[in-house]
Amino acid sequence: MRRRFDPTGPLRGTVAAPPDKSLSHRAALLGAMSVDPVRVTGYLDAADTSSTLVAVEALGALVERRADSLTIRGTGLRAAAPAAGTIDVGNAGTLMRLLPGWLAGQPEGSWTLDGDASIRRRPVDRIAEPLRAMGAGIEARDGRFAPFTVTGGPLSSIEYALPVASAQVKSCVLIAGLLASGETTVIEPAPSRDHTERLLARSGVIVRRAGDRVTVCPQDELELGELRVPGDPSSAAFHVVAAVLVPGSRIVVTGMAANWTRVGFLRILERMGAVVVGELEPPHAPLSSDEPITELDVAHGPLTGTIVEADEVPLAIDELPLVALLGCFAEGKTVVRGAAELRVKETDRIATVVDGLRGLGANIEATLDGFVVQGGGWLRGGVIASHGDHRLAMLGAVAGLASREGVEVDGIEAAAVSYPGFEADLAALLGP
């Protein structure tokens, strides 16, 4: 489906950040492992998170869906049911990488996971290596791709140093650690999202964070209780960038998670000179079982190019395509380094973002692990293909509003993977 987004006047008004995708996935998975029913409000109703609900139902959990909430009646930590067939993860990379941590520690049974064409291109060897070291059986296509089969059995504890900072791999190992003998520790090369650690602590798990080390202890059962999912900073970022780029704009974003491991992009944006005001959790705050929430006040302003280094990448990984767009309108050069992880997302996001923005008139070049943008203060416009990537689809829409000639997005429906209400929310900020 093609949709055209033309240059616009100022964005004005208030928008509620849509429910957080990362937290919705984790709420459903940990709810399925819990001993008592878990009521979740604010669960994201999108394609990716629906795949997670279907998956936990296939494993024996009961999911009661209501208009304003859902209740998950789990199986407990060690009683995942045999699946009638292949578990379809759809396009959900988080589901594909976290679920095997639970399945690997089941007393017995085997489960096969598969997904769409995009998922079949995304490697699973990063979770297979630590899980095999713990004693799990994993057989993957070509040794590293879906479909792959996880065989449950006794797990041993492990101390595992992540070769690349990844919240998904970290979470997989920590979940497996709940079912292992002894303490399991993950060592991170740089901080990454800590939603799993917070939810585990909320569920009664002993979680210790000391510097770059995160440790969990074996657990008999989880008691997650009631949970409200806050707004997603990665989805709200598209409205924030639109307001920053379109002259005269001023918007307010409400209900957004302010977790310090999720707002790295806002710190980059502030460094570029954007006017973004909100109370954010300070970097390296002590581990909490709660997710802080904030309100952002965003206004248009001039931008200056910046350099994003490798240690900033994990805390802004999903928003880095927007850094490329911002760089087009900034004075000077914008460089992103150490972001090779972008090449194994829903698409090769370095290639697709660089090609897409260049097609709109940007002066941008790809590198092995990022990109370099020479700012010109403008973007011509044209046509951009989403390639089935939700973030590229929304990037094209925002680019169109700030461009000179407008942008036609080929495949705008991909936005529904994470943000089904994106177009409606954006239109509300544009007014009549």
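The values are calculated or read from the model by the stated rules, or taken from the named source; none is laboratory data. Nothing here was measured: the structure is a model prediction, and the numbers come from that model. Don't worry about glycine lacking a Cβ; one is built from the backbone with ideal geometry, like all the others, and counts go over all protein chains shown.
Side notes on the structure shown:
- Condition check for residue 220 on (1) assigned to a loop (DSSP other than H, G, I, E, B); (2) acidic (Asp, Glu); (3) in the same structural domain as residue 327 (by TED's automatic domain parsing); (4) surrounded by fewer than 17 Cβ atoms within 10 Å (Cβ to Cβ): one failure, at (3).
- Yes/no for residue 356 being closer than 20 Å to residue 232 by Cβ and either at pLDDT 95 or above or not in a loop (DSSP other than H, G, I, E, B) (or both): no
- Residue 263 meets each of the listed conditions (1) crowded, with 21+ Cβ neighbours inside 10 Å; (2) farther than 26 Å from residue 423 by Cα apart from (2).
- Within the stretch 287-334, the set of residues being of a type in the set (Val, Ile, Thr), crowded, with 17+ Cβ neighbours inside 10 Å and farther than 24 Å from residue 15 by Cα comprises 306, 308, 313, 334.
- Close pairs (6 angstrom Cβ cut-off, 6 or more residues apart or separate chains): aromatic (Phe, Trp, Tyr) in the stretch 412-428, modelled with pLDDT of 95 or more and surrounded by 22 or more Cβ atoms within 10 Å (Cβ to Cβ) anywhere: 419/18; 419/235; 422/394; 422/415
- Selected residue (only one of 355, 297, 348, 290 is under 19 Å from residue 385 (Cβ atoms), over 18 Å from the mean Cα position of the chain (by Cα) and not aliphatic (A, V, I, L, M)): 355
- In the stretch 189-204, residue farthest from residue 257 (Cα to Cα) [restricted to those that are surrounded by fewer than 23 Cβ atoms within 10 Å (Cβ to Cβ) and among the charged types (D, E, K, R)]: 202
- Residues (closer than 23 Å to residue 102 by Cβ, among the aliphatic types (A, V, I, L, M) and surrounded by fewer than 24 Cβ atoms within 10 Å (Cβ to Cβ)) located in the stretch 1-39: 35
- Enumeration of residues in the stretch 60-84 that are within 25 Å of the chain's Cα centre (by Cα) and hydroxyl-bearing (Ser, Thr, Tyr): 69, 71
- Among the residues of the stretch 115-130, some residue qualifies, meaning at least one is without any contact (Cβ under 8 Å) to a residue 12 or more places away in the chain and touching a strand residue (DSSP E or B) at 6+ places or on another chain (Cβ under 9 Å).
- Taken over the stretch 108-135, the residue count meeting the criterion of being among the hydrophobic types (A, V, I, L, M, F, W, C), at pLDDT below 95 and within 20 Å of residue 174 (Cβ to Cβ) is 1.
- Tallying residues that are within 25 Å of residue 358 (Cα to Cα), of a type in the set (D, E, K, R) and part of a helix (DSSP H, G or I) within the stretch 398-432 yields 2.
- If you go through the stretch 51-86 and keep only what is surrounded by fewer than 17 Cβ atoms within 10 Å (Cβ to Cβ) and of a type in the set (Gly, Ala, Ser), you end up with 60, 67, 69, 76, 79, 81, 84, 85.
- Options 250, 209; residue that is surrounded by fewer than 21 Cβ atoms within 10 Å (Cβ to Cβ), in contact with a helix residue (DSSP H, G or I) (Cβ under 9 Å, 6 or more places away or on another chain) and assigned by TED's automatic domain parsing to the domain that holds residue 426: 250
- Test: residue in the stretch 367-375 that is in a loop (DSSP other than H, G, I, E, B), within 30 Å of residue 115 (Cα to Cα) and touching a helix residue (DSSP H, G or I) at 6+ places or on another chain (Cβ under 9 Å): yes
- Within the stretch 342-378, being crowded, with 18+ Cβ neighbours inside 10 Å, touching a residue at least 60 places away in the same chain (Cβ under 8 Å) and more than 13 Å from residue 392 (Cβ to Cβ) holds for 370, 373, 375.
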